[in-house]
Amino acid sequence: MLNADLVGCFRGKTCRPSNNVFVFQVEEFSNRVAHYFKSKGIKHGDTVALFMESKPEYVCIWLGLSKIGAVTALINSNLRQAALIHSFTVANACAIIFGSELARGKFPACIGSPY
């Protein structure tokens, strides 16, 4: 699915007259993500790794990056050590977004290491 399709699908399913506050919060949060990463130089075609446990922010970040045309490499939050480093290496991302729940003791100390 192309990034434009992902964003269009979200908007097509959610941006109808509704009293669902959550839908508008997702749109607002994902727009902030898009503006932030665009201001940091992330552009169409860049890959950004997303390494976090499942939570609402996960979808919002993915959607926000899609809005600027960035490719989101979804990294499994259960990976550790060599498998995690391999995933980051293969993704060849220009940035890594990770959840604070994964920061202590789980995030590889030397990302540049060839294992």
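Remarks
- Flag for Ser54 being modelled with pLDDT under 95 and under 15 Å from the mean Cα position of the chain (by Cα): yes
- Residue selected from the range 26-51 under the condition of a type in the set (S, T, N, Q) and part of a helix (DSSP H, G or I), by the criterion farthest from the chain's Cα centre (by Cα): Ser39
- Those residues of the range 19-35 which are loosely packed, with under 14 Cβ neighbours inside 10 Å, modelled with pLDDT of 95 or more and either closer than 14 Å to Pro56 by Cβ or touching a helix residue (DSSP H, G or I) at 6+ places or on another chain (Cβ under 7 Å) (or both), in sequence order: Arg32
The values are calculated or read from the model by the stated rules, or taken from the named source; none is laboratory data. Computed from a predicted model, the values in this text were never measured in an experiment. All Cβ positions, glycine included, derive from the backbone under ideal geometry; neighbour counts span all protein chains shown.
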